[in-house]
Amino acid sequence: MRVLLAGGAGYVGAHTAVALLDAGHEIVLLDDLSNTSALAAERVSQITGRPAPLVVGDASDESVVAATFDEFGPFDAIVHLAAFKAVGESMEKPLDYYSNNLDTTFALARVGLERGIRSFLFSSTGTVYSDPSDLPFTEESTTSVDLSNPYSKSKRMNEVVLADMARVNPELDVTVLRYFNPVGAHESGLIGEDPSGIPNNLMPYIQRVAVGSLERIGIFGDDYDTPDGTGLRDYIHVVDLALGHVAALERAQPGFVVYNLGTGRPVSVRELIAAFERAVGRELPKVVLPRRAGDVDATYCDPSKAARELDWVATRTIDDAARDAWNWQSRNPQGFASA
Ligand code: UDP
């Protein structure tokens with residue numbers, strides 16, 4: 001299949017690009033490089049020994065998407081991973097988040113439909129689930145647009161838009177993947193997570209402390225109603241997540257279908273730090289801080305629908321993720337800028 005990967009040079013995008021190429025598909029990456037580097041595309045090619053052409057451009061601009069189809073099309077599928085994703089920043093810049101995260105979908109979907117794509121796959125988030133009494137979340141659990149931050153709201157709004165698009169295009173496969181917490185890196189150490197500035201997420205923060213560019217890990221609260229008092233999340237190895245995209249594309253069916261991509265195993269902040277300490281072989285400096293506003297005790301999914309329908313399960317452990325993340329970060333202390 002020929003796949004246009006919007007946001008394809010980002011963290012999830014580059015790993016998905018590798019997984020698609022390894023599975024024998026052809027890809028073109030469209031990315032504005034606002035939160036990554038062109039090197040990511042070169043590394044995808046280096047890992048797979050296959051071409052990974054990169055169009056540097058804005059996926060929210062229909063003329064850019066159309067020009068990409070003119071030059072590299074036709075495509076069978078669009079995988080849409082082009083979004084702003086920092087929860088905290090979305091509180092400060094809600095209009096930027098709503099416009100970017102929706103306009104990319106409008107432009108990609110409009111041009112894709114005109115040009116006859118068969119599949120549209122959208123990257124969403126497990127944070128669209130709104131009722132903690134539903135844990136572990138299944139695809140039928142309650143969702144809301146009334147979520148705690150504009151990032152999550154923009155993802156749920158996209159899902160609503162895409163469900164309506166699927167309704168009036170019954171021949172089209174529209175697949176929504178609700179990610180839980182992606183961590184880790186490709187085992188080559190050539191691609192990995194490289195957030196700009198101080199990381200918001202736990203795993204890249206731990207990575208920066210381990211490599212010495214940040215002083216100590218802050219544990220945001222140890223008085224949650226969980227076994228060790230720290231928050232529980234469903235951390236999924238980014239390579240498993242990438243393989244989930246390949247499975248979802250290869251088995252896509254007409255209509256609007258949603259899958260959770262997670263492990264189903266809740267892991268605490270302290271457990272994730274301990275896994276990383278095992279990978280590094282030493283203790284890392286850490287301090288308990290107050291809870292972060294908006295955080296919940298626990299979020300994890302029931303991934304059995306993807307296992308049943310896509311024959312996909314996450315097989316990698318948090319120790320695998322810690323080992324691979326450390327391999328990436330220690331070889332590239334400044335991320336892609338180390339090259
Ligand atoms: N967390 C933490 N210190 C950090 C970043 C995150 O203790 O520097 C905790 C956070 O409170 C949550 C978990 O780690 O329990 C995962 O947070 P992250 O921001 O990685 O992902 P989220 O689940 O919020 O999307």
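The values are calculated or read from the model by the stated rules, or taken from the named source; none is laboratory data. Note that this is a predicted model, so its numbers are computed, not measured. Because the Cβ atoms are built from the backbone with ideal geometry, glycine has one as well, and the counts that use them run over all protein chains shown. Heads up: the accessible areas ignore ligands, DNA and RNA and are worked out on the full protein's heavy atoms, side chains in. Shrake-Rupley method; radii C 1.70, N 1.55, O 1.52, S 1.80 Å.
The table for this structure:
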{"read-out": "Criterion: over 30 Å from Asp302 (Cβ atoms), in contact (Cβ under 8 Å) with a residue 24 or more places away in the chain and open to solvent by less than 50 Å² (accessible area, probe 1.4 Å) - qualifying residue of Ser45, Ser37, Ser124", "value": "Ser37"}
{"read-out": "Strands (runs of 3 or more DSSP E) lying entirely in segment 215-289 (those with 1 or more residues that are within 15 Å of the chain's Cα centre (by Cα))", "value": "235-237, 255-261"}
{"read-out": "Arg156 being within 16 Å of the ligand (Cβ to nearest atom), touching a residue at least 12 places away in the same chain (Cβ under 8 Å), open to solvent by 40 Å² or more (accessible area, probe 1.4 Å) and part of a helix (DSSP H, G or I)", "value": "yes"}
{"read-out": "Residues of segment 220-271 classified as more than 20 Å from Tyr205 (Cα to Cα), β-branched (Val, Ile, Thr) and within 16 Å of the ligand (Cβ to nearest atom), total", "value": "2"}
{"read-out": "Options Asp164, Asp223, Asp228; residue that is touching a helix residue (DSSP H, G or I) at 6+ places or on another chain (Cβ under 8 Å) and open to solvent by 10 Å² or more (accessible area, probe 1.4 Å)", "value": "Asp228"}
{"read-out": "Considering residues of segment 195-214 that are open to solvent by 20 Å² or more (accessible area, probe 1.4 Å) and not in a loop (DSSP other than H, G, I, E, B) only, the residue nearest to Trp326 (Cα to Cα)", "value": "Arg208"}
{"read-out": "Cβ pairs under 6 Å, 6+ apart, first in segment 188-207 and more than 15 Å from Phe336 (Cβ to Cβ), second open to solvent by 20 Å² or more (accessible area, probe 1.4 Å) and within 15 Å of the ligand (Cβ to nearest atom)", "value": "Asn200/Ala86; Asn200/Gly88"}
{"read-out": "Unmet requirement for Tyr259, which otherwise passes all of (1) hydroxyl-bearing (Ser, Thr, Tyr); (2) open to solvent by 30 Å² or more (accessible area, probe 1.4 Å); (3) in contact with a Lys or Arg (Cβ under 8 Å, 6 or more places away or on another chain)", "value": "(2)"}
{"read-out": "The one condition in (1) of a type outside the set (Lys, Arg); (2) open to solvent by less than 60 Å² (accessible area, probe 1.4 Å); (3) within 13 Å of the ligand (Cβ to nearest atom); (4) modelled with pLDDT under 95 that Ser338 fails to fulfil", "value": "(3)"}
{"read-out": "Exclusive hit being buried (at least 19 other Cβ atoms within 10 Å of the Cβ), away from the ligand (no atom under 15 Å from the Cβ) and either assigned to a loop (DSSP other than H, G, I, E, B) or more than 15 Å from the chain's Cα centre (by Cα) (or both), set Leu147, Leu177, Leu190", "value": "Leu190"}
{"read-out": "Segment 290-303 - residue that is more than 9 Å from the ligand (Cβ to nearest atom) and surrounded by 14 or more Cβ atoms within 10 Å (Cβ to Cβ) and, of those, farthest from the chain's Cα centre (by Cα)", "value": "Asp302"}
